[in-house]
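First comes the structure, then the notes that go with it.
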Amino acid sequence: MARVAVVTGGTRGIGAAISLGLHKAGYKVAANYAGNDEAAAAFKAETGIHVDKWDVGSLAACKDGIARVEAALGPVEIVINNAGITRDGFFHKMTEAQWDEVLQTNLKSLFAMCRVTIEGMRARGFGRIVNLSSVNGQKGQMGQVNYSAAKAGVIGFTKALALENANKGITVNCIAPGYVATDMTKAIAPDVMQKIVAQIPVGRMGEPEEIANTVLYLINDQAGFITGSTIAINGGQFTVG
Ligand code: NAD
């Protein structure tokens, strides 16, 4: 039986590449999204992938969303916490809303999505969770105190949840991408982007499919000994032990 995977923010950017990669590999995929119904409907029509709209920053919305996915596809065994936003600005000018929105979507979402799926995974003795952090959560980034804090939090969350569930057949891992060509990075001014690319040893930005390939590796049934890890995919921009 094909395993059921939920990809948050799964109809665009890195999330869309993950949804497609899993779909092609034979998983039953539900791609969650937050905003654009028309774009999500087009993604569904083009790919045949199940889509469902809810706000991953809300526990109640995740509970309802996962219930709908499970009614349609079956028990969720794989969760890819990919949805994320930026609300950049220097800290001395940062508003409470900029802080709260980023922490809610990028970090509280992990609490909400995992809280509503982990009990089923524990009962069935199998689960795969992959969380999207960022190079900027590992090294810090000017103008992104909120985002860096949330993405560093993703790494701590991953390690602790991995320990709690290691004896239940559940692995919890983290991917920390560097700069990847998506709508998120299109928002960066071209001259700033040029300077960033100049500091990437591989000499280019990453492709969404390069992140998706690593997700596929981590969720494989054979990857049961990999847990609590953070895998950097950043073209050599920042190397950590
Ligand atoms: P993107 O902006 O292209 O897509 C983000 C997706 O998240 C969208 O589909 C959006 O609808 C969804 N989303 C946002 N808020 C949501 C909410 N409240 N509920 C449900 N869905 C919501 O971003 P991306 O570049 O594909 O990034 C994907 C992940 O990778 C994010 O967590 C991001 O922080 C991380 N990341 C991206 C890069 C990069 O260079 N693009 C680098 C490091 C980490």
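Conditions tested, residue by residue: (1) in contact with a helix residue (DSSP H, G or I) (Cβ under 8 Å, 6 or more places away or on another chain); (2) open to solvent by 10 Å² or more (accessible area, probe 1.4 Å); (3) on the phi > 0 side of the Ramachandran plot.
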{"residue": "N106", "(1), (2), (3)": "yes, no, no"}
{"residue": "R115", "(1), (2), (3)": "yes, yes, no"}
{"residue": "I118", "(1), (2), (3)": "yes, yes, no"}
{"residue": "R124", "(1), (2), (3)": "no, yes, no"}
{"residue": "N131", "(1), (2), (3)": "yes, no, no"}
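In this structure, does V154 turn out to be crowded, with 16+ Cβ neighbours inside 10 Å, within 20 Å of I18 (Cα to Cα), among the hydrophobic types (A, V, I, L, M, F, W, C) and away from the ligand (no atom under 14 Å from the Cβ)? Considered against the rule, which asks whether it is crowded, with 16+ Cβ neighbours inside 10 Å, within 20 Å of I18 (Cα to Cα), among the hydrophobic types (A, V, I, L, M, F, W, C) and away from the ligand (no atom under 14 Å from the Cβ), V154 comes out as no. So for segment 167-180 (the condition being farther than 19 Å from G15 by Cβ and surrounded by 19 or more Cβ atoms within 10 Å (Cβ to Cβ)), does at least one residue qualify? Within segment 167-180 (the criterion being farther than 19 Å from G15 by Cβ and surrounded by 19 or more Cβ atoms within 10 Å (Cβ to Cβ)), the answer is yes, since at least one residue qualifies.
Selection of first residues in segment 41-61 that are among the acidic types (D, E) and of second residues that are part of a strand (DSSP E or B) and within 8 Å of the ligand (Cβ to nearest atom), restricted to Cβ pairs under 6 Å at least 6 apart or on distinct chains, gives the following pairs, ordered by first then second residue: D52/N32. Of everything in segment 158-185, what is within 13 Å of the ligand (Cβ to nearest atom) and either over 13 Å from I226 (Cβ atoms) or free of Cβ contacts under 8 Å to residues at least 24 places away in the same chain (or both)? Give them in sequence order. The answer is A176, P177, G178, Y179, V180, A181, T182, D183, M184, T185. Looking only at segment 224-237, decide whether some residue is modelled with pLDDT of 95 or more, more than 17 Å from the chain's Cα centre (by Cα) and open to solvent by 50 Å² or more (accessible area, probe 1.4 Å). Yes: one or more hits.
Considering only residues that are touching a Ser or Thr at 6+ places or on another chain (Cβ under 9 Å) and away from the ligand (no atom under 14 Å from the Cβ), which ones fall in segment 30-46? Matches in segment 30-46: none. Per this entry, I118 is not counted among residues that are out of contact with any Lys or Arg (no Cβ under 8 Å at 6 or more places or on another chain), in a helix (DSSP H, G or I) and within 15 Å of the ligand (Cβ to nearest atom).
The values are calculated or read from the model by the stated rules, or taken from the named source; none is laboratory data. A quick note: this is a predicted structure, and the numbers were derived from the prediction, not measured. Neighbour counts run over all protein chains shown; Cβ positions are idealised from the backbone, glycine included. Accessible surface is based on the protein model in full, side chains and every heavy atom, while ligands, DNA and RNA are left aside. Shrake-Rupley method; radii C 1.70, N 1.55, O 1.52, S 1.80 Å.
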